[in-house]
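Below is one structure, written out as structure tokens; the observations come after it.
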Amino acid sequence: MLSRARLAMFFLCVVDPEVGTSRRPLVVYADGRWFVGPDNGLFELVRRRSRDVHAWTIEWVPTNLSATFHGRDLFAPVAAKLARGEASPGIPLAPDSIGRPGWPDELAQIVYVDSYGNAMTGLRAKTLGRTTILSVQGRAIRRGRTFSDVPPGGCLWYANGNGLAEIAVNQGRAAEVLGLRLGSEVEVGGD
């Protein structure tokens, strides 16, 4: 059994549109972090981007398991037990068995538009060079560090707090100025 040191990080992950179906409940250990949640693809990028990965299907079932509240009834108690060092994770699984190999590592699309009109892409900023140009709706956009790197009304892309490339307009709304919405395609190019 892997050590659950006092300073270990534990994540309870419950994005579960398949709650109540036959999807497996999981415990995943990845590079010193413990994750508890459903086997619905939620841990795919954790698995891909970690060097040391172990996975288990949860055996424990609470006496009163709701059909629609597995986060509360199943996953939260298992995460709490793991954090206290009490519970064995369950039946070991091959890490590849929890994968979704057909899923892209990055997505060259707009995946979220925030309330300010900034448009988040599914591209990791660290994989893009300093001179990388993103093109959306036929408009080329250069990388910037801060909004003030371009004049008011100017477009830029930057590394957001999640490490993703995000498109913005200084003192404006990128989604409106550029006509962006969820699923809008993003092209990646150089100078």
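The values are calculated or read from the model by the stated rules, or taken from the named source; none is laboratory data. Not measured: the values here are computed from a predicted model. Don't worry about glycine lacking a Cβ; one is built from the backbone with ideal geometry, like all the others, and counts go over all protein chains shown.
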Filter the range 151-191 down to the residues that are buried (at least 18 other Cβ atoms within 10 Å of the Cβ), in a loop (DSSP other than H, G, I, E, B) and over 25 Å from the mean Cα position of the chain (by Cα) and list them by number. Gly154
Among residues belonging to the range 95-117 that are more than 18 Å from the chain's Cα centre (by Cα) and more than 25 Å from Tyr29 (Cα to Cα), point out the one that is surrounded by the most Cβ atoms within 10 Å (Cβ to Cβ). Gly117
Give the range 148-163 a look and list any residue that's closer than 22 Å to Ser184 by Cα and either out of contact with any Leu (no Cβ under 6 Å at 6 or more places or on another chain) or without any contact (Cβ under 8 Å) to a residue 12 or more places away in the chain (or both), or say none. Gly153, Gly154, Cys155, Leu156, Tyr158, Ala159, Asn160, Gly161, Asn162, Gly163
Looking at Asn40, Asn64, which one is over 20 Å from the mean Cα position of the chain (by Cα), of a type outside the set (A, V, I, L, M) and either outside the structural domain of Glu166 (by TED's automatic domain parsing) or not in a strand (DSSP E or B) (or both)? Asn64
Filter result for Gly85 (assigned to a loop (DSSP other than H, G, I, E, B), closer than 20 Å to Arg33 by Cβ, out of contact with any Pro (no Cβ under 7 Å at 6 or more places or on another chain) and not acidic (Asp, Glu)): yes
